[in-house]
Every structure is written in structure tokens, then in C-alpha cells.
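Structure, as C-alpha cells:
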Amino acid sequence: MSIGSYLNSYVKTSADESKKNKRKAKLPLVVATWNVKFATSKAWDILINGGSALDAVEQGCRVEEANEKGQSVGKGGLPDRDGQVTLDACIMNAEGNAGSVVYLKNITHAVSVARKVMEDTPHVMLAGKGAEEFALTKGFKKEKLLTDASKKSWEKWTKTSEYKPIINIENHDTIGMLAIDQQGDICGACTTSGLAYKMNGRVGDSPIIGAGLFVDNEVGGAVATGLGEEVVKSVGSFLIVELMRQGKTPQQACEEAIKRIVQKPNSDYKNFQVGYIAINKLGEIGAYSIHQWFSVTKFQNGRNHTTQSDYFNKNY
Ligand code: ASP
């Protein structure tokens, strides 16, 4: 066979495959870290009405940012050790563009500020005061993010001031969300107040493209929750998407990314949690964590439900 006809048949097979894939894909769908049915429901309404995956993940994350009862995201998030609530968030669209904010104070909807960074600036990431000033110029309102409940928790914490990552803090941490719309386009977003009682100035994985979130519209997307330092050091979400590109299912890719963390020499994984979720172009979903009780909410085929992920450490 000549190279030309080989290439022609290859191109034809790929086109057939992708048509077949489109037929098989169960779209639209949205999946998020933790038990966040109101958030996935908001995203689903957008998707089922023909809206974009980008609007779906932004609006879905906003539901949790506004929920003062959730002490790990947006308003009501637990503060750093000095009592300040600082938010990290990012977003990626189907064209591979990204926006992110880090160490953002006084603005509830960090994910929407991240989207504005992506759409209205030549940059990817804005930090601190600069991010806040940018948000104000875009019409965001200044708000007090430290609620009485979170202030109380922090005051209690100052009595010991012992800093250690808490596994599955109140079963709800960073909200990472991935969606595929009816066009088959994949987008993702991630929003958090970061680790409770972190050092002033600390930034986690959640606003870092490739660590807390990565989307490649040709392949799929992944998001992380848990101890951000470990996710950053292993570039977890990018790793998962690249593993899917090489042929792994979302589940296999999430498991491999967790293995990369726990199998490091002297890994202290027994004392921290990391969880990943991933989707591919077919609408297949993967989820895996180090420890038990990492949950995942998905809205697909008209059904919104939360399940526990499989996990690595079965030796309790
Ligand atoms: N990944 C977040 C961070 O390290 C925290 C979390 O998911 O609980 O900031």
C-alpha cells in the first residue's frame, strides 16, 4: 500500500471512529466533585436547553460559591490562619483557553472573575489585589466572605493552631466541574477557598491549569480536590488527560494519577486525601481517590445522582 492510500484509509477510519463516538456519546453531561446536586442541576438545565458547557460549569460552580453553608468554597469558606478568606478558581473552554484567579479576597464568584480574565484580558492568571481590582472594574460587588460560622471555627482553631490537612473535611471541598454540551464540546471549572487555616499567601492547585484542572476538547478533562500541594507536584489533571490521549479510560487515568502520588518514595499519603474526576469525549466518567468517602455527582441521561468513588487505601 502506498503511503498516500495508507493515510487516506487512516483518515477515513478516524473519521468513521469519531462519527461512531459521537453516536455513542451520552450527551450532554455534567460531573462534579463531592455531593453538589444543586450545582449539577443548575449546569444540567443550561446544557439540556442547548447552552454551552462553559456557561454550565460557570453557573454550576456559582451555586456552591453562593452557598454560605459550604465552608470550602466562596462565601463562608474557612479562612487562612490569620482569619482571611482567600479564593482560588479557574476555568477552561473548548478552544483550550484558560483564566484563573488566585488569592482573591472580598468577591464571592471567583469562577466568574476567572472567566473574565480568560475572555477580557491578554493574561491567564491574576492574583490578590490586582484580581480584586479587576473584578471591581467588571462590576463584581465587594462582599464580606467570612461568615459567623467560619469565624467561629477559626477562633476555635486558634486555640491549638495545629496545622494539618484534614481528610474529606465535612465531605465537601473544592468544587471541580466538567461538562459536555450537546455540540460535544468539553469545558471545566474549579473553585475553592483552599485549605482551611493555610499560611497567608498560600495558593493551592485549584487555580493552576494542568494541576487542579485541565481540558483538551479533543480528548477530555480532569479536575482535582484534596491536598493541593500533592496535585501541583504531580501536575495531576494534565497527566490524566494525557493518559486518556494515550488510550486509557477516564477511570484508568485517574487511578494512575493517584498511584503517581502514593508511590513516591516516602509518600505520607495515609495522612492526606486527593481525589480526581475525569471525562472523555465519549461521555465516560472516571473517579478515584486515595481514601474512602470521596464522592462524585453526575447528571446524565436526565438523572442527577451522587456516588462514592473507588479508592486506593483499603487498609483500614
Ligand atoms: N485542593 C484545594 C487546595 O489545595 C483544597 C481542597 O480541595 O480541599 O487548595
Pairs, first acidic (Asp, Glu) in segment 184-206, second near the ligand (Cβ under 8 Å from one of its atoms), C-beta under 7 Å, six or more apart = Asp205/Gly212; Asp205/Ala224; Asp205/Gly228; Asp205/Val231
request  = Return the pairs, sorted by first residue and then second, in which the second residue is among the acidic types (Asp, Glu), the first residue lies in segment 223-237 and is without any contact (Cβ under 8 Å) to a residue 24 or more places away in the chain, the beta carbons are less than 8 Å apart, and the residues are 6+ apart or on different chains.
outcome  = none
Every residue from segment 46-68 that is more than 16 Å from the ligand (Cβ to nearest atom) and farther than 12 Å from Ala179 by Cα = Asn49, Gly50, Arg62, Val63, Ala66, Glu68
query = Looking at (1) closer than 16 Å to Ala89 by Cα; (2) in contact with a helix residue (DSSP H, G or I) (Cβ under 9 Å, 6 or more places away or on another chain), can you tell me which one Lys233 breaks?
reply = (1)
query = Does Glu229 count as away from the ligand (no atom under 16 Å from the Cβ) and more than 15 Å from Thr33 (Cα to Cα)?
reply = no
query = Does Val241 satisfy being away from the ligand (no atom under 12 Å from the Cβ) and in contact with a strand residue (DSSP E or B) (Cβ under 6 Å, 6 or more places away or on another chain)?
reply = yes
request  = Identify, by number, the condition in (1) hydrophobic (A, V, I, L, M, F, W, C); (2) touching a residue at least 60 places away in the same chain (Cβ under 8 Å); (3) near the ligand (Cβ under 10 Å from one of its atoms) that Met177 doesn't meet.
outcome  = (3)
query = In the list Leu146, Leu54, Leu47, Leu136, which residue meets the criterion of being not in a helix (DSSP H, G or I) and not aromatic (Phe, Trp, Tyr)?
reply = Leu146
key: Residues that are within 13 Å of Pro207 (Cα to Cα) and surrounded by fewer than 20 Cβ atoms within 10 Å (Cβ to Cβ), drawn from segment 126-149   = Ala127, Gly128
request  = Scan segment 76-88 and give yes if some residue there is more than 15 Å from the ligand (Cβ to nearest atom) and farther than 18 Å from Phe214 by Cβ, otherwise no.
outcome  = yes
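Each reported figure results from applying straightforward, stated rules to the coordinates on display, with no laboratory input. Quantities reported herein were computed from a predicted structural model and do not represent experimental measurements. Because the Cβ atoms are built from the backbone with ideal geometry, glycine has one as well, and the counts that use them run over all protein chains shown.
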